[in-house]
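Worksheet: one structure, shown below.
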Amino acid sequence: MDFKYETERIYLEDEQGQLLAEITFPLQDGIATIDHTYVSEKLRGQGVAARLVEAAVKQIKHQGQPFQATCSYAAAWLKRHPEISSQPEA
């Protein structure tokens, strides 16, 4: 599964360019806010959403930005994975 990476978005498309999965994390007041996670019914139950959140956190940390989650799925996932969700050191 090859995610495509943008500055504030990670996503997956099928061969026809149809969106299969996506997570967005726009920068708001200096904080990357994970505000949306989507997975097509075709891929649900396969751990794709979890991989998206983990990829987003990794990218945000690499950019050295603090983050938060307003997306309910991402917020719940981050609570279950404190070892991954710890904030970057200042």
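The angle between the Cα long axis of helix 48-62 and the main principal axis of the chain comes to about 40°, on a 0 to 90 degree scale. The calculated FRET efficiency for residue 86 paired with residue 19, based on their beta-carbon distance and R0 = 25 Å, is about 0.25. As a rough guide to protection, the peptides 48-61, 65-78, 5-18 ranked by mean Cβ packing within 10 Å, highest first, stand as 48-61, 65-78, 5-18.
Rg/Rh, computed from the Cα trace of the chain with Rh as the Kirkwood radius, has the value 0.96. Hey, which lysines would be in cross-link range of residue 61, C-alpha to C-alpha under 28 Å, not counting anything within fewer than 8 residues on its own chain? Output for residue 61: 4, 79. Sequence-distant contacts, meaning Cα pairs under 8 Å at least 6 residues apart, place the relative contact order of the stretch 4-85 at 25 percent.
Amide H contacts of residue 21: 12, 40, each under 5 Å away and 5 or more positions distant or on a separate chain (H built 1.01 Å from N in the peptide plane; Pro and chain starts excluded).
None of the figures in this text is laboratory data; all of them are computed from the coordinates on show. Since the model is a prediction, treat every value here as computed from it, not as a measurement. Cβ coordinates were reconstructed from backbone atoms using ideal geometry, including for glycine residues, and neighbour counts include every protein chain displayed.
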